[in-house]
Amino acid sequence: MARHRIALIPADGIGPEVVGEGVRVLRALARKGRGLSFAFTRFPWGSDFYHRTGRMCPEDFLERLRPFDAILLGAVGRPDIPDHITLNQLLLPIRRGFDLYANVRPIVLYEGLESPLRAYKPGQIDMLFFRENTEGEYSPIGGRHYLGQPGEVAAQVALFTRRGCQRIVEAAFEAALKRRRHVTNVTKSNAQGHTLVLWDEVFAEVAARPRYRKVKTAQYLVDAAALEFVRRPDRFDVVVSTNLFADILTDLGAGIVGGLGVAASANVNPERATPAMFEPVHGSAPDIMGRGIANPVATLFSCVMMLEYLGEGRAARRLERAVRGHLARGDRTPDLGGTGTTRSAGEDVIRRL
Ligand code: NAD
Ligand code: IPM
Ligand code: MN
């Protein structure tokens, strides 16, 4: 019997509320599923830890996380500490330090949810994002000079490597083989003629491989892609894009399928060299923290992705059915127009397992 070692980093704002519910649901799933077992270890890192120690987490945080099979993270960020400090000391260094280069984000219009795009009914929006997660516009290379002077300058290098482009595009094509066999490439190579032309060339090389001859492709500039997301989201199956563009497009994607309360994500190293990290797409939502009304569904769908990753396909499908049942027929949290709470939504999912 495999006992899965899960590191929990609830961190800030609504993070502890939604991760708490995730753990309750996973424990309930383990009680029902023969042979399924978890060992959870909670790390008290985040903004409280920063106020006590001056850092978001201990210096050896990657070494402490490495023995785990997976990480479940809540959200990082609090209004009283600058975001570039909190995020660059905890979330982003895990993604980069563990080389979790594929940020996988499903955008699905589930039964029971209403898209602001009235023409679209459940099932008609179903895409899977592959966001490059380790380089691109998020590279920490750069600096500021002549601080506070009129001639002050700041530079942040958008860094693209052939290897970095190739491996995320490959991951997207591999996923497409198991779906509707369509990959859309989103860049901005009309303006960014060095980095994103390299990306587009690599995309074309991968697309031309015999292994992917049955996969159809499409190509959009990111501005046109944003338009098309709202006009014809059914045109997209797998989408591959850069770190920053896909960050923005996946919030837009969440917006057309019911909001951030349902948007899940996985940060994975497909070679499985390091523990993968699962987290809701949303942030710490300081505007609703502590009120018990945060939607736990994004975290629960992230747990579904974690179960798949851990090789627990049956348990993953069981949990996914229960969460979908909750969305279709349960009392949902206020962000989805219901009167439910974080806890009651989690309990409803547990009843449906
Ligand atoms: P946010 O995602 O925290 O919130 C945006 C809006 O969505 C808010 O109105 C919020 O109440 C709502 N919302 C988000 N999650 C919800 C949920 N589960 N249920 C119900 N409503 C929900 O984004 P923001 O306000 O731009 O950022 C707040 C903080 O979080 C910042 O410090 C930011 O840097 C950080 N952040 C962290 C992560 C992360 O840790 N992965 C992601 C995004 C933002
Ligand atoms: C996300 C978040 C992060 C990102 C921020 C908080 C750095 O917006 O996971 O989507 O941009 O990757
Ligand atoms: Mn984001």
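Brief remarks follow.
- The simple spin-label model puts a point 7 Å past each Cα toward its Cβ; for ARG52 and ASP223 those points are separated by 4.9 nm.
- Segment 84-225: antiparallel DSSP beta bridges as a percent of all, rounded to 5: 65 percent
- Candidates per trypsin sites (Lys or Arg not before Pro) in segment 96-161, loop by DSSP, up to 10 other Cβ within 10 Å: ARG118
- Cα gyration tensor category, rounded, prolate or oblate, for segment 159-283 with a/c compared to 1.5: rounded
- Between GLY15, GLY143, GLY313, the Gaussian network model of the chain with springs among Cα atoms under 10 angstrom shows the greatest mean-square fluctuation at GLY143.
- Taking all protein chains into account, the per residue accessible area for the chain stands at 44 Å² (1.4 Å probe).
- The value of relative contact order for the chain, using C-alpha pairs under 8 Å at least six residues apart, is 22 percent.
- With each label modelled as a point 7 angstrom along the Cα→C-beta vector, the ARG272-LYS121 pair spans 4.0 nm.
- Cα-based shape type of the chain, given that a ≥ b ≥ c are square roots of the gyration tensor eigenvalues and the cut on a/c is 1.5: rounded
- Ellipticity estimate at 222 nm from DSSP helix runs (n ≥ 4, -39,500 (n - 2.57)) divided over the chain, nearest 500: -12000 deg cm²/dmol
- With all protein chains modelled, accessible area of GLU308 [1.4 Å, Å²]: 100 Å²
- When all protein chains stay in place and ligands, DNA and RNA are ignored, the 1.4 Å accessible-area order of THR339, THR161, THR187, largest first, is THR339, THR161, THR187.
- Residue separation of LEU147 and HIS194 scaled by 0.36 nm, minus their Cα-Cα distance, works out to 14.0 nm of gained length.
- Test item: Cα-centred dipole of the chain, Lys/Arg +1 and Asp/Glu -1 on Cβ, debye: 1620 debye
- Heavy-atom accessible area for HIS4, with the other protein chains in place and a 1.4 Å probe, reaches approximately 10 Å².
- Computed E for VAL230/GLN156 - FRET, C-beta separation, R0 41 angstrom, nearest 0.05: 0.90
- For the chain, share of DSSP beta bridges that run antiparallel, in % to the nearest 5: 40 percent
- Separation in nanometres of the label points that stand 7 Å from Cα toward Cβ, at ARG343 and ARG5: 3.3 nm
- Max mean-square fluctuation residue, GNM over the chain, Cα-Cα springs under 10 Å, options LEU29, LEU227, LEU198: LEU227
- Multiplying the residue separation of ASP80 and ASP60 by 0.36 nm and removing their Cα-Cα distance gives an extension gain of 4.7 nm.
- When only the Cβ of Lys, Arg, Asp and Glu is charged (+1, +1, -1, -1), the dipole of segment 89-144 relative to its Cα centre reaches about 160 debye.
- Trypsin sites (Lys or Arg not before Pro) within segment 242-331, DSSP loop, no more than 12 other Cβ atoms inside 10 Å: ARG272
- Segment 228-309 shape via C-alpha gyration tensor axes, a/c threshold 1.5: oblate
- Percentage relative contact order, segment 127-258, counting C-alpha pairs under 8 Å, at least six apart: 36 percent
- MET306 contributes an accessible area of around 0 Å² to the protein surface, as traced by a 1.4 Å probe with all chains present.
- In the elastic network of the chain, a GNM with C-alpha springs shorter than 10 Å, the most mobile of ALA175, ALA273, ALA70 is ALA273.
- Long pairs among LYS188/LYS216; LYS121/LYS188; LYS32/LYS121, criterion Cα-Cα beyond 27 Å: LYS121/LYS188; LYS32/LYS121
- Ranked by solvent-accessible area (1.4 Å probe, protein heavy atoms only, all chains present), the residues ASP69, ASP331, ASP80 order from largest to smallest as ASP80, ASP331, ASP69.
- Exposure ranking of MET56, MET289, MET305 by accessible area [1.4 Å probe, largest first]: MET289, MET305, MET56
- Applying a DSSP loop filter and a limit of 10 other Cβ atoms within 10 Å to the chymotrypsin sites (Phe, Trp or Tyr not before Pro) in segment 141-206 leaves TYR146.
The values are calculated or read from the model by the stated rules, or taken from the named source; none is laboratory data. Since the structure is predicted, the reported quantities are computational estimates derived from the model, not experimental observations. Cβ: placed from backbone, ideal geometry, glycine included. Neighbour counts: every protein chain shown. Ligands, DNA and RNA are stripped out before the accessible areas are found, and what is left, the full protein with its side chains, is counted by its heavy atoms. Shrake-Rupley method; radii C 1.70, N 1.55, O 1.52, S 1.80 Å.
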